[in-house]
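Okay, structure first, notes after.
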Amino acid sequence: MKKLFSALLAGAMLLAMGLSLAACGSKATQAFYTLEAAYQNGLVEYADVLEIHKNYVLPEEQKLSLQEEETIKQSFFENFDTVMQDKDVSGPVPDAEEEISVTYYHGKFNGYYVVTMAWYEDKTGLLRREYIGKSAFLFPLNEYIFVWTDPDRLFEQEELS
C-alpha cells in the first residue's frame, strides 16, 4: 500500500511539474494581448510590468520607427475583433487604420513590443483603474496598454519592399 501511495504521489508531482513548465514556456497565440492578459499568459514577467508601470508614470521618451508604428497599427486594425474579445477592452470599432494611434511606446519585453494605443476620442476626461499584480495603472477611457506579439511581421514587410 505504501508503494502504491508513493507511486501515485510521484506521478502527481511529475504531472504538476510538467504543467508548470508548460506554462512557463507560454507562446503567444494572438497578435495583441492587454498587458494584464500578457502577464497572466506568461508573455511578460512581473518585473516587466513594474518597468512598464514606472515608464507609464514617469515617461522616458522612446520612439518607434515610422514602419514599426504603421505595421503595429495595421496589425491592430486587422486583429481588432480578437482584441475586443478581451473582457477589459471596449470602445467603438475603428473605420480605418488612420483612426488608430500609438500614444506611447514602452519598449520591447521578451521580444514583444509594448505600446499604449487609442482608437477613439474620449471627451469625458474620466479615468479607469487597472491592477496588474500589485501595480495600479490609471488610464483615460480610450487608452489601453497592449503587448504586440508579431514583430516578425516587420521583417516580412521589409522583404516585400
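The listed residues are Ala22, Ala28, and the only one of them that is hydrophobic (A, V, I, L, M, F, W, C), at pLDDT below 90, under 24 Å from Asp150 (Cβ atoms) and in a helix (DSSP H, G or I) turns out to be Ala22. Where helices (runs of 4 or more DSSP H) fall entirely within region 43-102, those with at least 3 residues that are free of Cβ contacts under 8 Å to residues at least 40 places away in the same chain and more than 14 Å from the chain's Cα centre (by Cα) are at 46-57, 66-78.
Conditions (1) among the charged types (D, E, K, R); (2) in contact with a Pro (Cβ under 8 Å, 6 or more places away or on another chain); (3) surrounded by 13 or more Cβ atoms within 10 Å (Cβ to Cβ); (4) closer than 16 Å to Tyr33 by Cβ, marked per residue:
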| site | (1), (2), (3), (4) |
| --- | --- |
| Tyr104 | no, yes, yes, no |
| Tyr113 | no, yes, yes, yes |
| Thr116 | no, no, yes, yes |
| Phe137 | no, no, yes, yes |
| Val147 | no, no, yes, yes |
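In region 58-90, which residue that is aliphatic (A, V, I, L, M) and over 15 Å from Val114 (Cα atoms) is surrounded by the most Cβ atoms within 10 Å (Cβ to Cβ)?
Here the residue is Val89.
So how many residues does region 108-139 have that are farther than 23 Å from Glu70 by Cβ and part of a strand (DSSP E or B)? Of the residues in that region, 11 qualify.
The values are calculated or read from the model by the stated rules, or taken from the named source; none is laboratory data. Keep in mind it's a predicted model, so treat the numbers as computed, not measured. Every residue, glycine as well, gets a Cβ built from its backbone with ideal geometry; the counts of neighbours run over all protein chains shown.
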